[in-house]
Amino acid sequence: MKRATKYIIGSVTIGILSMVLAGCSSSNTNNNQTASLGNLKINYDNKKQAISNGTLNIGLVQDTPFQGIFSPTLLNTTADSTLLAPTGGSLFKTTTAFKIIDGGAANIKLDKETKTATITLHKGLTWSDGKAVIAKDLEFPYEIIANPAYQAQQYSDSYANIVGMTAYHNGQTKTITGITYPKGPNGNILQIKFNHMTPGMWQSGSGYYFEGAEPYHYLKNIKPANLAASKEIRQAPLGYGPYKVSKINAGQSVLYVPNPYYYGTKPKLKLINASVVSTATAQAALKDKKYDIMYNLPTTAYPAIKALPDYVQTGNQSLRLSYLDFNLGHYDSNTSMNIMDRKTPLQSIALRQAIGYAMNVDQVTQKFDNGLNQRLRTSIVPVFKGAINTNIKGYPLNINKANQLLDNAGFKWNPKHEYRLTPEGKPFKLTFVSRASDANTEAISQNYIQQWKQVGINVGLYHGRLTDFNTWVQMMMGGTNNDWDFTIASNSGTSDPSQIALFGKGTQYNIGHFTTPKFSQLQAKIDSPAAIDPAVRKQALFEYQKYVQNNVPFIPLTSGLDWIPVNQRVIGYTNDVAASQELWANIAVSASKTK
């Protein structure tokens, strides 16, 4: 997730930015209108009394239909994850710092001596069809993730740390030997045995065990290849949270009603209505008070939304990592491994570094993001302040350095001094897949293309235009598409600084397919038993960040703040992860209509 320069090139860069981005929507001319964690409320505390039978209206900003995969093991978009939340999220309660504690829908006990995790379900935890959540429901997600027939995309190096998981994934066993039921499959306890313990296991989001459940009784008879498209997932999903899905208008809206079997505090709303709203109409929709809460607004909208008198601006530090990823190989579905074997000029580290130094990310964020994003210096987002290697400066704009890197690596200019040639003397053009997200994406993309042109790198958009989100997901997660060279990806991140689940050799989320023995070694070191010692882990994280800087598996771009405007009639809204277990049960409204 970001970049600056001097000399004559500096003024040229600013001129290009001004020309390419001129006329684009941006209101960042008043410093008082920029966001900071200090002027975004983590909690909105409406003291008014809640009304009965209220309806909450949620807007989800995107310009394509949501995929609508209501399964925590099969979904792969933030939109689907957001829509799943009222029906039940993580089983575990955490502190604000993401440390797992007792008191959630389930408790977990980790034992370093036996290398086990023991998960105990809360008494009374029930699916929205009235069936009890059982130990088999805790185990079934591992079958879905590890069995290739289900076509789940979450299998990774971290899950392979479970005893027997690799053998099951490879079809060598019919069960996962490291997962057992101390009180039987119908009991309330699941035990997981690991090959080794990792420091992140005490944190939510480590990726070393699954933090949700799947209703085995409801899904067991569906053929694995048909599960993701089934009625049980797409139209009538079950959950264990305070609300259940009542109706789905495919790709457009979801209606929720209270789950009568919810084990916790009785939900306070009669209905929740969540619907897609386009980036072009989102601002007007809030002005017209059509929504109480809106997710995923473009950062350019912040000043105008902040000026609306009936909305409170809430937010928190984001786990989101935005980065430029390079297509360097493919994902082998037979071995579940990434292979860095693509024949491309991008195998040159110097070329990848030059692409980073040519990007003017600092100027782009200053113009469009209104304080909500900042350029990243390393791959570790600011939430994990103590894990960041402050000696690393990332890729600030430096045209001279980009040119020098290319010169030294043998990328000579063509006779017209327009673009560079490969070290073998051949012309090349790189394809940039840029996702359509808001009205400024085209201009920002063209800005970067002009930046790369300054240093002689010939870049064009995929098919000459922006790519819609759903097509982008298909291209990236397929693992074998050779029609692109690099893209800007944005991952919602994990609540642990380890990145093996994103960039490991065995994870499908490693869309650039960068792998080297050293990279894998450094990832393993971060999650080694020795790294349970905080000092050892910190040193391992510092080494990993230095490797990313020097070898450029990807280029960290931006991270910042999650921003969610909330109408003043809403009661009980919070962005504090420590309160996430109770969030949807506690939300209410103090008036019959959005104020």
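Residues that are over 30 Å from Ala409 (Cα atoms): which helices (runs of 4 or more DSSP H) entirely in the range 264-374 hold 1 or more of them?
279-287, 302-306, 361-368
For the range 378-393, enumerate the residues that are assigned to a loop (DSSP other than H, G, I, E, B) and surrounded by fewer than 21 Cβ atoms within 10 Å (Cβ to Cβ).
Passing the criteria: Asn389, Thr390, Asn391, Ile392, Lys393.
Of all the residues that make up the range 82-119, how many are of a type in the set (Lys, Arg) and more than 22 Å from Ala530 (Cα to Cα)?
Residues that pass the stated criteria total 1.
Can you confirm whether the range 274-282 contains a residue that is touching a Pro at 6+ places or on another chain (Cβ under 7 Å), more than 29 Å from Ala50 (Cα to Cα) and surrounded by fewer than 18 Cβ atoms within 10 Å (Cβ to Cβ)?
Taking every residue of the range 274-282 in turn, none turns out to be touching a Pro at 6+ places or on another chain (Cβ under 7 Å), more than 29 Å from Ala50 (Cα to Cα) and surrounded by fewer than 18 Cβ atoms within 10 Å (Cβ to Cβ).
Look at Thr166 and say whether it is assigned to a loop (DSSP other than H, G, I, E, B), hydroxyl-bearing (Ser, Thr, Tyr) and over 22 Å from Tyr263 (Cβ atoms).
no
Considering only the range 456-479, state which residues are out of contact with any Lys or Arg (no Cβ under 8 Å at 6 or more places or on another chain) and either within 11 Å of Leu430 (Cβ to Cβ) or open to solvent by less than 40 Å² (accessible area, probe 1.4 Å) (or both).
Selection gives Leu461, Tyr462, Asn470, Val473, Met475, Met476, Met477, Gly479.
Only residues in the range 420-442 that are without any contact (Cβ under 8 Å) to a residue 60 or more places away in the chain count as the first member; pair them with residues that are assigned to a loop (DSSP other than H, G, I, E, B) and among the acidic types (Asp, Glu), Cβ under 9 angstrom, at least 6 apart or cross-chain, and list the lot.
Hits for this filter: Lys429/Asp485; Thr431/Asp483; Thr431/Asp485; Phe432/Asp485; Val433/Asp483; Val433/Asp485; Arg435/Asp468.
Go over the candidates Arg435, Arg420 one by one and state the one that is buried (at least 18 other Cβ atoms within 10 Å of the Cβ), touching a Lys or Arg at 6+ places or on another chain (Cβ under 9 Å) and among the basic types (Lys, Arg).
Of the residues listed, the single one that is buried (at least 18 other Cβ atoms within 10 Å of the Cβ), touching a Lys or Arg at 6+ places or on another chain (Cβ under 9 Å) and among the basic types (Lys, Arg) is Arg420.
Going by the structure shown, is Phe384 in the same structural domain as Thr494 (by the TED database) and touching a Cys at 6+ places or on another chain (Cβ under 8 Å)?
For Phe384, the condition - in the same structural domain as Thr494 (by the TED database) and touching a Cys at 6+ places or on another chain (Cβ under 8 Å) - is not met.
Report yes if Asp562 is acidic (Asp, Glu) and buried (at least 23 other Cβ atoms within 10 Å of the Cβ), otherwise no.
no
Looking only at the range 312-349, how many residues end up being among the hydrophobic types (A, V, I, L, M, F, W, C) and under 20 Å from the mean Cα position of the chain (by Cα)?
Residues that pass the stated criteria total 4.
Residues of the range 304-329 being out of contact with any strand residue (DSSP E or B) (no Cβ under 6 Å at 6 or more places or on another chain) and open to solvent by less than 10 Å² (accessible area, probe 1.4 Å), which ones?
Scanning the range 304-329 gives Asn327, Leu328.
Can you name the residue in the range 249-273 that is open to solvent by less than 50 Å² (accessible area, probe 1.4 Å) and hydroxyl-bearing (Ser, Thr, Tyr) and is also farthest from the chain's Cα centre (by Cα) among such residues?
If we take residues in the range 249-273 being open to solvent by less than 50 Å² (accessible area, probe 1.4 Å) and hydroxyl-bearing (Ser, Thr, Tyr), then Tyr262 is farthest from the chain's Cα centre (by Cα).
The values are calculated or read from the model by the stated rules, or taken from the named source; none is laboratory data. On a predicted model such as this, the values are computed, not experimentally measured, just so you know. When we count neighbours, we look across all protein chains shown, and the Cβ atoms used for this are built from the backbone with ideal geometry, even at glycine. Heavy atoms of the whole protein, side chains included, go into the accessibility calculation; ligands, DNA and RNA do not. Shrake-Rupley method; radii C 1.70, N 1.55, O 1.52, S 1.80 Å.
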